[in-house]
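One structure below.
Just so it is clear, none of the values below were taken in a lab; they were calculated from the coordinates. Since the model is a prediction, treat every value here as computed from it, not as a measurement. Glycine also receives a Cβ, built like all others from the backbone with ideal geometry; neighbour counts cover every protein chain displayed.
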Amino acid sequence: MTSDELKQDQDQERDQEIPQQEETSPENGKSETEQTPEGEGQAGSETPEANDESQQDSAAGEDEDIKTRYLRLAADFQNFKRRTEKEKSDIYAYANEKFALDLLDVIDNFERALVHQQECKDEKMKEGMDMIFKQLQGVLEKNKIIEIPALGEAFDPNVHNAVMTEPAGEYESGMISVVLQKGYKLNNKVIRPAMVKVAE
């Protein structure tokens with residue numbers, strides 16, 4: 001073997017030892033074997049359509065929450081308005097209750113005086129007392145203060161206050177036989193129950 005042939009053999013062996021370089025793509029600078037598989041690297045990112053749907057759902061939820069809170073607030077306001085109107089009407093209806101109770105004591109004493117009216121010999125005095133009493137009764141009616149029926153009525157614990165009982169005679173058992181103190185209502189509210197005796 002000549003020196004030229006020996007040199008050619010050595011060159012061929014050296015070429016075989018050098019590994020083949022991977023071809024790179026001029027477009028992205030990566031080898032064909034290193035290209036990212038299709039779809040990889042996109043799994044964690046959302047598409048614009050998905051973002052829009054998520055924002056729409058969030059906005060719809062917020063709108064629903066605001067609507068619910070508005071309805072609750074409106075209901076609370078209506079309840080407050082009704083309660084305030086009732087309290088106001090009650091104030092107007094029963095504002096005179098204390099005054100009425102004080103006046104009733106005066107009327108009670110006036111009625112007791114009328115019991116002894118017959119003993120008075122002055123007719124003008126009798127006539128004047130009758131007129132004053134009728135005027136007092138008119139004041140009560142004008143202010144919706146009404147006497148509670150009692151004598152001869154069935155006992156009702158809601159409007160009558162039984163302080164004594166007595167054997168049934170003229171009245172049947174459970175009926176009111178004597179009125180010790182008249183009872184009154186103000187706008188259908190009992191401001192003073194009638195004090196009575198009840199037949200056994």
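Give a residue-ordered list of calculated ³J(HN,Hα) values for region 100-107 (Karplus: 6.51 cos²θ - 1.76 cosθ + 1.60, θ = phi - 60°; whole Hz; x for Gly, Pro).
Listing the rounded values in order: 4, 4, 5, 5, 5, 5, 5, 5 Hz.
In what order do Leu140, Leu151 fall by count of nearby beta-carbon atoms within 10 Å, going from fewest to most?
Leu151, Leu140
Under the rule of at least 5 residues apart or a separate chain, name every residue whose amide H is placed under 5 Å from the amide H of Glu153.
Ile176
Label Asn188 and Val163 with points 7 Å out from Cα along Cα→Cβ: what is the distance between them in nm?
3.0 nm
Considering only Ala100, Ala154, Val196, whose Cα is most displaced toward the positive end of the charge dipole of region 96-199, charges sitting on Cβ of Lys, Arg (+1) and Asp, Glu (-1)?
In region 96-199, that residue is Ala100.
Between their Cα atoms, which of Lys124/Lys197; Lys124/Lys189; Lys86/Lys185; Lys81/Lys144; Lys67/Lys88; Lys124/Lys185 are more than 29 Å away from each other?
Lys124/Lys197; Lys124/Lys189; Lys67/Lys88; Lys124/Lys185
Considering amide H positions built from the backbone, and no H for Pro or chain starts, which residues 5 or more places from Leu180, or on another chain, come under 5 Å of its amide H?
Residues meeting the criterion, in which the H sits 1.01 Å from N, are Met195, Val196, Lys197.
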